[in-house]
Number of protein chains: 2
Amino acid sequence: MTGPRLTPLAQSLPATVPFVGPEEQERNRGAAFAARLGANESVFGPSPGAIAAMQAATGEIWMYGDPTSHDLRTALAAHLDVPMPCIMVGEGIDGLLGYLVRLLVGAGDTVVTSDGAYPTFNYHVAGFGGVLHKVPYAQDCEDLPALIAKARDVDAKLIYFANPDNPMGSWTTGAEIEAALTDLPEGCLLLLDEAYAEFAPEEAVPRIDVHDPRVIRMRTFSKGYGMAGARVGYAFGAEPLITAFHKIRNHFGMNRVAQIGALAALQDQAWLAHVRDEVVASRGEITRIAAENGLSALPSATNFVAVDCGRDGDFARAVLAGLVGRGVFVRMPFVAPQDRCIRVSCGRAEDMAAFAAALPEALAEARR
Amino acid sequence: MTGPRLTPLAQSLPATVPFVGPEEQERNRGAAFAARLGANESVFGPSPGAIAAMQAATGEIWMYGDPTSHDLRTALAAHLDVPMPCIMVGEGIDGLLGYLVRLLVGAGDTVVTSDGAYPTFNYHVAGFGGVLHKVPYAQDCEDLPALIAKARDVDAKLIYFANPDNPMGSWTTGAEIEAALTDLPEGCLLLLDEAYAEFAPEEAVPRIDVHDPRVIRMRTFSKGYGMAGARVGYAFGAEPLITAFHKIRNHFGMNRVAQIGALAALQDQAWLAHVRDEVVASRGEITRIAAENGLSALPSATNFVAVDCGRDGDFARAVLAGLVGRGVFVRMPFVAPQDRCIRVSCGRAEDMAAFAAALPEALAEARR
C-alpha cells in the first residue's frame, strides 16, 4: 500500500520551520518565561478600545468573517489615502508573503533578498520552488542598491526589502528608496516589508504612488497595533497586482473578531502614539542596560534593539542561551557578522528589569 | 514600465470567487438580512464557556499564537484517540484544503470530485494547476464507487468526498466507506471532508485506522462547534502526510484567541449535544415549513436542509432570489438536477419564522 503521491517539489522540501515559538521553548524548559522579548510583539498591547470591540464581537464568532474585509479595507483606504481596490487584507504579513510568492514564483524563478533577512520569506520562496539569491548587509543595513544590482544580474522577479529592517532595526531613508526605484530592472517587483513602519521616523517612509506597478508594500496589526495573535496584515499597491491575490487567496481566511479588532485599533491613533512613546522609552532603557554591561546597542527604528555582544556569533549565542535559561525570551540574527548581536524587543518596566537582572549573569556565563 | 511577472498559472486563473459573502449581499441590497441561513453557520453559537474563554484571552492578543497549536492538538488527540503527530490544525477546512492540494497537485495532476460538491476545493485544485474530473451525484448523494472508478480511469492523486454531503445533506454509511477503501487505486488519497460529522448519525462515520495512508479526514470548529468566524479546522491521518503540511503551512497562521476558544469548545461536549438537539428540531421545522408550502425537504445529516422546489434550477433560483429579497439569506446547489433545491441552514425560532413568512411570497413570485 503506497502513500499519497506528493509533488516532486513538496517531496524535496526540508522539514525545517522558520521559528520555534516561545510556548514550545517554555514546554521544553519546563517553566514560563518571565519576560517575552523575542518575537517583537507589543507587550504594551492593543488599544483598550480594540480589546473592548473584540470582546463585544466574540458572541458573533458563529458567523464567518466578511471575505472582502470591506469595513477594514474602507478604513485603511482612508488612512492611507489610496483607493480600496489597491488594498489586500490577509492573515498577517506571513500569509500575504505566501500569496505574493505564489503569484510570482514558479520552479526556478529567481528572487533576491538580504542574507540574514526574514526567514519566513525565504521559506515561502523555497516552498514554491524559487531560487533565492542573497546579498550581504552593509553596515548592518539592508543594501538596496546591491539588492537591485543583484536582481539585474539574476533577472529576479522579486526583491524582498524590509524597511525598517528586522533583525537589525536599521533603516533606509524614504528618499533613498524613491531614488532607487529608477534603477529597478523591468519586470522586477520591489516588495517593501514595512511591518515596523509605525515605529519609524517619518523620513524612513518613502512616498510612492500606490499605482506604481514596481512596488508592493506590506504592513501589519501585529507590531505597532499590538495584535500579533489576531493575524491581520495588509498589502497595498497597484490594482492589477492586488486583484491577482483574489484569484488564489483563502477568501474565508480572516477571523471575524480580528477584522473588527483591527478596525478599532486603526481608529485609535492616540493609543498608537502612546505605544510609540513607550517604545522610544524602552529602546533607551535597553540601550542603557546594554551600556551598563559594556555592550553597545544599535540605533533602531523599530520596537526592538539589536545589542552588539562584542564578539562572534558563538559568543552571542551563548549570551542568548543564558538569557533564555534565566527566563528572558529573546532571539538573535542568524547570519554573520550580524549574529554578533542579540535582538531584544521593547517591553514594560518589569520586562526591562528581568532583562537587566539576567544579562550580567548571562554575560558572565558566556565569558567562562 | 511593465508590471510584475506573474507565473503562467497565476495569469491563467479566472477572477471568480467561490462564494459571495452575506455582508456583500447586504451592502448591495442596502439592508441587513433578517435571517442568516445561507452559510450553514451555527446560529446557536459556540459554547458559552468558549465565548468566556475567548473574551478572557483577548487581552493576550498581543502574543502570536502557538505555531504548533500544542494544547488544542493534545486535546484533539485525546478526543479522537489518535497520536498527536497525526493531527494538523489549520485556518479552517478551507485553509487545510489549500495546503493538501498544494502538497499533492501540480500542473496537470488529476483530481476527482462530485459535480456540484464544494466549490472551494475546486478553486484550490484549479489554483495549483490540477485537472478536475467530476462525477455526477446518484440520488442526490455523492457516489463513492463512481468517484473511485473515475479515479482509476484518470489516475487521480486525490478524491474529494464529503460525508455528510454539502449541499444536499445526504450521507453514505461508514460501513460502505470502509468497504470502498479496498477499491481505491494505489497512490490515490481519499480526502474525507467531515465538516458536518458532529450532526451525522453514528453509522455515517467510518472507522478507519488513522495510520492508513489511503485516507485523510478533515473536521472543523465552524459548524457543530459554532465558531465559523474563528477559522479553526483540523486534519487527521497518517503521520508522514500530516508531517508534510509543516513543510508548507503558514506556521504563525492561527489566531491565538481562536486556538483557546476551540479548546474550550471541544471541552464542552454538553453544549455540542444541545446544539445537535436544536438542529434536529430545526430540521423538522424546515421540513414542516416546506411541506406547508407543497415542497419536499430532503433527509439531512447536517445542520441544513435541501428543500426541493419541485421544478428546475431556474425556478429554484427565482425562489432563492425571492427569499434573499425578503431578507432571508439562503444558498442553493450549483448543478442540475440538484439545483432544483434551495439549501436552508438550521436556525432559532425567529429565523424559522422569517423563513416561514418569506417562503410563500417567494414561491408565489417565482410562479408568476
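Here, each number is a calculation from the coordinates, and none is a lab measurement. Being a predicted model, the structure only gives us computed values, none of them experimental. Counting neighbours? That spans all protein chains shown, and the Cβs are built from the backbone with ideal geometry, glycine included.
For this structure, a couple of remarks:
- Per-residue shielding of B:237-248, expressed as the average number of other chain Cβ atoms within 10 Å of the residue Cβ, stands at 4.
- Qualifying chymotrypsin sites (Phe, Trp or Tyr not before Pro) in region A:56-159, where qualification requires a DSSP coil assignment and no more than 10 other C-beta atoms within 10 Å, are lacking entirely.
- Mean per-residue shielding of peptide A:5-17 is 5, counting Cβ atoms of other chains within 10 Å of each Cβ.
- Relative contact order (%) - chain B, alpha-carbon pairs under 8 angstrom, separation at least six: 23 percent
- Fluctuation leader among B:Leu13, B:Leu192, B:Leu104 - chain B, Gaussian network, Cα springs under 10 angstrom: B:Leu13
- Per residue of peptide B:154-162, the mean number of Cβ atoms on other chains within 10 Å of the residue Cβ is 1.
- Separation of alpha-carbon centers, region B:303-346 and region A:65-96, rounded to whole Å: 32 Å
- Residues whose amide H lies under 5 Å from that of A:Cys346, counting only those 5 or more places away or on a different chain, are A:Phe304, A:Val305; hydrogens are built 1.01 Å from N in the peptide plane.
- Couplings for region A:344-349, taken from phi via the Karplus curve 6.51 cos²θ - 1.76 cosθ + 1.60 with θ = phi - 60°, read 10, 6, 5, x, 6, 4 Hz in order; Gly and Pro are left as x.
- Take every DSSP beta bridge whose two residues both sit in chain A; close to 50 percent of them are antiparallel.
- Residues A:Lys157, B:Lys223, sorted so that the one with the fewest Cβ neighbours within 10 Å comes first: A:Lys157, B:Lys223
- GNM flexibility winner over chain A from A:Val307, A:Val279, A:Val154 (Cα, springs under 10 Å): A:Val154
- Geometric extent, Cα atoms of the protein assembly as shown - Rg, Dmax (angstrom): 26.3, 90
- Only Cα pairs under 8 Å and 6+ residues apart enter the sum, and on that basis the relative contact order of region A:48-267 stands at 29 percent.
- Counted over the protein assembly as shown, the DSSP beta bridges are approximately 50% antiparallel.
- Lysine pairs meeting the criterion (Cα under 27 Å, 8 or more apart or interchain), as found in region B:48-267: 4
- Here the Karplus curve 6.51 cos²θ - 1.76 cosθ + 1.60, taken at θ = phi - 60°, turns the phi angles of region B:22-27 into couplings of x, 4, 5, 5, 5, 5 Hz, with x standing for Gly and Pro.
- A full extension of the chain between A:Ala175 and A:Ala56 corresponds to an added length of 38.5 nm, given 0.36 nm per residue minus the alpha carbon distance.
- Neighbour-limited loop hits for GluC sites (Glu not before Pro), region A:162-192 (at most 12 other Cβ within 10 Å; DSSP other than H, G, I, E, B): A:Glu186
- Modelled spin-label separation between A:Ala31 and B:Ala364, with each label point placed 7 Å from Cα along the Cα-to-Cβ direction: 7.6 nm.
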